[in-house]
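Below is one structure, written out as structure tokens; comments come after it.
The values are calculated or read from the model by the stated rules, or taken from the named source; none is laboratory data. Here the structure is a predicted model, which means the values were calculated and not measured. Positions of Cβ are backbone-derived with ideal geometry, glycine not excepted, and every protein chain shown enters the neighbour counts.
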Amino acid sequence: MNRKVVITFLSFAFIFSACQPKRENKAQTKQNTVQTEKNSENHESTQTKNTAAQIYAKPEIPVLCYHRIADGPKGDYKVSPATFLAHVKILADSGYHSISPAQLYDYLVFNKSLPEKPFLITFDDSRAEHSAIAAKVLEKQGFHGVFFIMTITYNKKNYMTKDQIAQLVKTGHTVGLHSWDHTMAVKYKTPEDWQKEVADPKKKLEAITGEPVDYWAYPNGVFNHYAAQELSKYFKISFELSTKRDSLLPLQCVRRIIVPDIPAQNLLKSMRKSFGKKK
Ligand SMILES: [Zn+2]
């Protein structure tokens, strides 16, 4: 699966690098700054923003990524409810503080301070247990999560209902977009593709939550420069997985680690190992 994803990504990266006109390169940094400004709130215009290079150089904040939370055979994309509870408990007991993507943005762009031991906890694919289990476990510890929704799943069996999604925002969590149907961003080629996978679902999700949807998680974590550049027109931050970051668009490729069903102590080690060092 991973090998296939990597090969697919490399193929698309090659196709795009082969097709991209010369306008990329030197103009990118400037373009990125302009797009960052466009995505920002009005009050931000008076504040000095970090450049792409400054944002890229900042120490990374750990971002965890969960998918299924269910019993049954173990896998990278599934943790048991008991393991999830242990993960959240050890984070709380170790003095970690969950932060929102808005706080992460302010840290990256405006050097705003963060609480001690900050981290983000994110959930992909709109599963019903994100609302039924994850949100409740987080709330007990005073944590808030980020829930990335693929909007094709609205009200489908085993997936969150629109009301449950709206409830997440009401209880202080953040809702972001994970495409319409999980097609990878490197496959969006026509304006219709962008409309269907990004613009329309973003609007629908905003109507459901009553809040702007400013954050995106790449389906399969896969992106390239073109996709990142397009997404910067819609989102303040896009989250990837372990692909090499794009130094010209650092806000559009914030790294996350997928958390498998591992003992809680190993989670802390894994966080330190993955985010404790410089790129
Ligand atoms: Zn996904």
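Observations on the structure shown:
- Subset of the range 206-235 that is in contact (Cβ under 8 Å) with a residue 40 or more places away in the chain and in contact with a strand residue (DSSP E or B) (Cβ under 6 Å, 6 or more places away or on another chain) - its residue that is farthest from the ligand (Cβ to nearest atom): Thr209
- Selection status of Phe84, within 20 Å of Thr171 (Cβ to Cβ) and either assigned to a strand (DSSP E or B) or free of Cβ contacts under 8 Å to residues at least 12 places away in the same chain (or both): no
- Of the residues making up the range 142-160, those that are away from the ligand (no atom under 16 Å from the Cβ) and buried (at least 16 other Cβ atoms within 10 Å of the Cβ) number 2.
- Taking the criterion of being within 16 Å of the ligand (Cβ to nearest atom), farther than 24 Å from Ile237 by Cβ and touching an Asp or Glu at 6+ places or on another chain (Cβ under 7 Å), the residues of the range 69-100 that qualify are Ala70, Lys78, Val79.
- When residues of the range 116-141 are limited to those that are outside any loop (DSSP other than H, G, I, E, B), basic (Lys, Arg) and away from the ligand (no atom under 12 Å from the Cβ), the one nearest to the chain's Cα centre (by Cα): Lys136
- Checked against the criterion of being at pLDDT below 80 and surrounded by fewer than 17 Cβ atoms within 10 Å (Cβ to Cβ), the range 60-72 contains not a single residue that satisfies it.
- Residues satisfying the stated conditions in the range 165-201, i.e. of a type outside the set (Asp, Glu), part of a helix (DSSP H, G or I), within 16 Å of the ligand (Cβ to nearest atom) and crowded, with 20+ Cβ neighbours inside 10 Å: Ile165, Ala185, Val186, Val198, Pro201
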